[in-house]
Amino acid sequence: MTPSDPFALDDTPPPSSQSVPRPMADPEWLAGLNPEQRQAVEITDGPVLVLSGAGTGKTRVLITRLAYILGKRLAQPWQILAVTFTNRAAREMRERVGGLVGPMAESLWLGTFHALGVRILRKHGELVGLKSNFTILDSDDQLRLLKQVMEADGIDHKKWPAQVVLSVIQRWKDKSLTPDRVTPSMAGDLAAGRAVELYRAYQDRLITLNAADFGDLLLHCLTLFQYHAEVLQEYQDRFRYILVDEYQDTNVAQYLWLRLLCQKHRNLCCVGDDDQSIYSWRGAEVGNILRFEKDFTDAKVVRLERNYRSTPTILAAASALIDHNEDRLGKTLKTAEDADTEPGAPVTVKGVWDGPEEARWVIEEIEALQTKGDSLLSMAILVRAGFQMLEFEERFITTGVPYRVVGGPRFYERLEIRDAIAYLRCINTPTDDLAFERIVNKPKRGIGDTTVQKIHVYARSAGLSLMEAALRLTETDELRAQTRNALTTLIGDMSRWRSLRDGLSPADLAAQVLDESGCTEMWMKDTSPEAPGRLDNLKEFVGGLEEWDTIGAFLEHVSLVMENDSKSGDEAVTIMTLHGAKGLEFDTVFLPGWEEEIFPHRRALDDGGGAAVEEERRLAYVGLTRARKKVSISFAANRRVYNQWQASLPSRFIGELPDEHVELISDNGLMGSFGEAQADGFSDGWGGGSSWSKSRGRKAPIIDGDSWQVEARESSGGYTVGMRIFHQKFGYGIIQAVDDTRLEIAFDKAGDKKVIDSFVEPA
């Protein structure tokens with residue numbers, strides 16, 4: 001066997017620890033590891049779980065372990081399987097291992113689950129009906145193919161959108177469920193009770209086309225291993241060592257794939273952090289890492305707890321927070337012994353009146369840090385949901401502070417927002433051809449490219465706008481009846497919406513347009529992971545229009561925003577979601593919006609129960625541990641969410657932070673630790689004796705559905721059911737229910753609201 005023939009099998013037994021040929025002296029890169037890291041590298045016999053906390057050097061451990069196995073000649077490069085979750089991580093790992101061991105790194109089986117699955121199927125695919133040159137379909141092709149299958153089976157697309165059915169099929173594949181293993185109870189009444197038949201027909205059609213989707217790349221491998229023992233044995237013999245990065249993010253199919261491959265040599269090393277498992281919404285199963293010691297009773301567990309990133313104060317706060325999770329293996333981050341042992345600044349918490357004030361405060365803090373010499377590149381704003389970015393982006397634009405959105409476009413550049421803006425542009429300016437072309441078939445109305453081309457040709461020849469040309473074409477027989485009807489309806493809607501401009505506010509008009517055009521329904525039916533965020537962004541977009549008197553003024557503002565590219569090069573503040581921030585680090589991190597139903601998110605509270613809240617807490621832990629030097633948390637007493645003002649409660653996660661490492665901030669500066677906060681409470685929106693600040697050291701509220709069970713909380717100050725009160729934003733109302741500091745009030749004009757007693761006064 002030679003490195004030039006990576007598929008050739010070496011039947012010689014793996015060398016034992018007692019008979020390693022030509023032992024090598026410890027290289028310099030091994031001597032530089034701390035004791036726990038070195039232990040994770042040097043344990044080479046049997047299963048190993050490396051619990052690697054944030055900032056503890058897991059990548060270095062993985063790379064050094066690969067180099068150690070090669071350097072000690074425990075295996076040849078092509079006998080090592082190393083799995084990552086991104087192509088970028090795979091490239092980085094190969095480059096860094098190559099820097100340690102040279103060209104032999106090129107022969108490693110190193111890549112993502114999907115890339116490695118493809119490599120196996122290219123050789124053995126015929127055993128599952130695929131030729132070696134099979135095509136991998138992207139998401140658009142998958143959807144198109146499933147639509148064909150559904151049409152052939154007579155399934156109503158309007159009642160059962162193909163995107164919904166495809167999403168369910170992909171979840172089945174992530175769980176390693178072939179059509180014959182999906183039970184009727186799993187499918188329910190999806191697609192009129194014929195979802196399993198559609199799944200089977202979809203798979204048959206893929207085979208006919210010599211194609212596979214991403215879910216198939218592991219599913220077919222598992223089928224190979226299950227029904228062709230000789231193939232499984234080939235790879236079990238080959239891979240003497242298997243290394244897996246980010247093990248907490250594996251799904252069921254990936255878990256089973258690894259379990260099968262490691263059965264012979266059992267030298268499986270999984271590196272991960274159960275406290276950073278935040279991707280259940282895309283199929284990740286935190287249970288995979290939690291049960292590792294049950295799966296491998298002889299497993300060795302190494303905990304990497306020496307953090308080389310954050311200050312002791314930040315680490316203590318993060319550890320205390322995550323300790324409230326019950327489903328975890330347990331570890332406590334601490335500062336590395338050779339690192340700076342200064343405790344660092346406390347985690348600060350700022351209570352503000354509303355969202356705009358929060359944005360003003362954060363960016364004022366950023367400007368103050370910049371004045372002191374801190375680089376904008378060293379600062380980040382990490383939000384729970386994308387819709388939170390709008391207020392910050394608007395403030396950045398107003399102040400001229402450069403910023404960049406990482407992990408996605410700026411708010412006004414997002415697909416769903418551009419579509420909404422295009423509708424408003426058509427209403428404001430009927431001759432805006434670019435806007436009309438963008439929305440003429442969005443949502444889909446059966447107006448295809450051929451029709452749009454006819455409209456273009458006629459518009460040019462007659463010197464008309466596209467909308468006017470389309471209107472005239474609807475009066476002829478040039479187009480099919482169905483297309484004429486769709487265009488007539490759209491143009492009629494545009495005319496009607498235009499007539500409403502003077503009678504409705506821009507926000508109300510935008511809401512009506514999005515609903516009546518079908519844009520809202522389109523994203524509500526979309527089951528892709530991005531769809532809920534897009535729907536949230538549209539709602540926030542409507543809310544943002546409240547500040548504008550006319551659509552024209554708003555569109556002019558957006559045009560200026562779109563042209564406002566940063567002139568300062570790379571020097572800019574980063575703003576991104578907490579999910580996107582995993583793996584990154586900054587000197588200063590701002591964590592806004594720590595309120596119940598924002599963070600933890602309302603979907604976690606409504607749909608997921610305790611497990612979902614624990615994942616939200618892990619997300620908070622990720623946010624805290626992105627910071628090297630300073631963390632600032634903020635929350636608002638009132639927040640406009642989707643064009644509706646609501647009173648907000650501070651997130652339970654704030655109540656779980658340790659008093660000794662946290663300080664409150666008022667408009668006058670620091671107020672001292674939570675434990676020292678007295679009855680004055682917050683002076684900026686949480687004043688008047690906020691009982692939240694008084695009871696700060698007590699257990700946080702527990703939410704169970706819609707009912708609140710508040711433990712060990714002080715009196716709400718004498719408010720009783722039936723009292724008439726006054727609220728600054730909602731006006732007069734009558735208290736319907738009292739639960740400690742929380743009041744349920746029927747307001748005369750604003751309807752039923754839940755507020756905190758410190759925001760009201762007797763009428």
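When you scan the range 142-154, how many residues do you find that are in a helix (DSSP H, G or I) and free of Cβ contacts under 8 Å to residues at least 12 places away in the same chain? Show your work before the answer.
Here is the first cut: in the range 142-154, the residues in a helix (DSSP H, G or I) are 142-152.
If we keep only those that are free of Cβ contacts under 8 Å to residues at least 12 places away in the same chain as well, we get 144, 151.
Residues meeting the conditions: 2.
Taking the criterion of being modelled with pLDDT under 90 and within 24 Å of the chain's Cα centre (by Cα), would at least one residue in the range 366-386 satisfy it?
Looking through the range 366-386, at least one residue is modelled with pLDDT under 90 and within 24 Å of the chain's Cα centre (by Cα).
Do we find a residue being farther than 25 Å from His114 by Cα and either open to solvent by 60 Å² or more (accessible area, probe 1.4 Å) or of a type outside the set (Asp, Glu) (or both) anywhere in the range 168-178?
Among the residues of the range 168-178, not one is farther than 25 Å from His114 by Cα and either open to solvent by 60 Å² or more (accessible area, probe 1.4 Å) or of a type outside the set (Asp, Glu) (or both), which makes the answer no.
Limited to the range 643-685, what total is found for residues that are modelled with pLDDT of 65 or more, within 24 Å of Val760 (Cα to Cα) and open to solvent by 40 Å² or more (accessible area, probe 1.4 Å)?
3
Please go through the range 195-217 and pick out each residue that is open to solvent by 10 Å² or more (accessible area, probe 1.4 Å), in contact (Cβ under 8 Å) with a residue 60 or more places away in the chain and touching a helix residue (DSSP H, G or I) at 6+ places or on another chain (Cβ under 7 Å).
Arg205, Phe214
Would you mind stating whether Thr183 is polar (S, T, N, Q), surrounded by fewer than 19 Cβ atoms within 10 Å (Cβ to Cβ), out of contact with any Leu (no Cβ under 8 Å at 6 or more places or on another chain) and under 25 Å from Gly287 (Cβ atoms)?
yes
Closer than 16 Å to Asn267 by Cα and of a type outside the set (Val, Ile, Thr) - does that describe any residue in the range 47-57?
So the first thing to find is which residues in the range 47-57 are closer than 16 Å to Asn267 by Cα, and the list is 47-50.
Then keep just the ones that are of a type outside the set (Val, Ile, Thr); that gives 47, 49.
Yes - at least one qualifying residue is present in the range 47-57.
Looking only at the range 297-320, which residues are over 15 Å from Ala345 (Cβ atoms), without any contact (Cβ under 8 Å) to a residue 60 or more places away in the chain and open to solvent by 30 Å² or more (accessible area, probe 1.4 Å)?
Of everything in the range 297-320, just one residue is over 15 Å from Ala345 (Cβ atoms), without any contact (Cβ under 8 Å) to a residue 60 or more places away in the chain and open to solvent by 30 Å² or more (accessible area, probe 1.4 Å), namely Thr297.
Which one of the conditions (1) modelled with pLDDT under 80; (2) assigned to a loop (DSSP other than H, G, I, E, B); (3) farther than 14 Å from Ala647 by Cα does Ile703 fail to meet, given that it meets all the rest?
Just one mismatch for Ile703, condition (2).
Given (1) at pLDDT 95 or above; (2) assigned to a helix (DSSP H, G or I); (3) open to solvent by less than 20 Å² (accessible area, probe 1.4 Å), identify the lone condition not met by Ile242.
(2)
Within the group Ile745, Ile725, Ile734, which residue is touching a Pro at 6+ places or on another chain (Cβ under 7 Å), on the phi < 0 side of the Ramachandran plot and modelled with pLDDT of 75 or more?
Numbers: Ile745 fails: touching a Pro at 6+ places or on another chain (Cβ under 7 Å); Ile734 fails: touching a Pro at 6+ places or on another chain (Cβ under 7 Å).
One residue alone meets the criteria, Ile725.
Please report, ordered by residue number, the helices (runs of 4 or more DSSP H) entirely within the range 430-491 with at least 3 residues that are polar (S, T, N, Q).
The helices (runs of 4 or more DSSP H) meeting that bar are 449-462.
Based on what the data block shows, is Leu62 at pLDDT 90 or above, within 22 Å of Ala89 (Cβ to Cβ) and in contact with a strand residue (DSSP E or B) (Cβ under 9 Å, 6 or more places away or on another chain)?
yes
Do you know which residues across the range 183-194 are without any contact (Cβ under 8 Å) to a residue 24 or more places away in the chain and not hydroxyl-bearing (Ser, Thr, Tyr)?
Pro184, Met186, Ala187, Gly188, Asp189, Gly193, listed by residue number.
Can you tell me how many residues in the range 481-496 are surrounded by fewer than 12 Cβ atoms within 10 Å (Cβ to Cβ) and touching a residue at least 12 places away in the same chain (Cβ under 8 Å)?
Matching residues across the range 481-496 total 1.
Take Gly283 and tell me if it is surrounded by fewer than 20 Cβ atoms within 10 Å (Cβ to Cβ), in contact (Cβ under 8 Å) with a residue 24 or more places away in the chain, farther than 20 Å from Ala345 by Cα and among the small types (Gly, Ala, Ser).
Yes, satisfied.
Report every pair of residues separated by at least 6 positions or lying on different chains whose Cβ atoms are under 7 Å apart, first residue within the range 449-461 and within 16 Å of Arg438 (Cα to Cα) and open to solvent by less than 80 Å² (accessible area, probe 1.4 Å), second of a type outside the set (S, T, N, Q) and not in a helix (DSSP H, G or I).
Thr451/Leu479; Val452/Val440
Has the range 397-413 got at least one residue that is of a type in the set (A, V, I, L, M, F, W, C), assigned to a helix (DSSP H, G or I), open to solvent by 30 Å² or more (accessible area, probe 1.4 Å) and touching a residue at least 40 places away in the same chain (Cβ under 8 Å)?
Looking through the range 397-413, at least one residue is of a type in the set (A, V, I, L, M, F, W, C), assigned to a helix (DSSP H, G or I), open to solvent by 30 Å² or more (accessible area, probe 1.4 Å) and touching a residue at least 40 places away in the same chain (Cβ under 8 Å).
I'd like to know if the range 111-121 contains one or more residues that are more than 31 Å from the chain's Cα centre (by Cα) and either among the polar types (S, T, N, Q) or open to solvent by less than 30 Å² (accessible area, probe 1.4 Å) (or both). Break it down into steps so the answer makes sense when it comes.
If we filter the range 111-121 for residues that are more than 31 Å from the chain's Cα centre (by Cα), which is where we start, we get none.
No, the range 111-121 contains no residue that is more than 31 Å from the chain's Cα centre (by Cα) and either among the polar types (S, T, N, Q) or open to solvent by less than 30 Å² (accessible area, probe 1.4 Å) (or both).
Looking at (1) more than 25 Å from the chain's Cα centre (by Cα); (2) open to solvent by 10 Å² or more (accessible area, probe 1.4 Å), which is the only condition Thr86 fails?
Thr86 satisfies every listed condition except (1).
The values are calculated or read from the model by the stated rules, or taken from the named source; none is laboratory data. None of the values given here were measured: they were computed from a predicted structure. Every residue, glycine among them, receives a Cβ derived from its backbone with ideal geometry; neighbour counts consider all protein chains shown. With ligands, DNA and RNA removed, areas are computed over all heavy atoms of the protein, side chains included. Shrake-Rupley method; radii C 1.70, N 1.55, O 1.52, S 1.80 Å.
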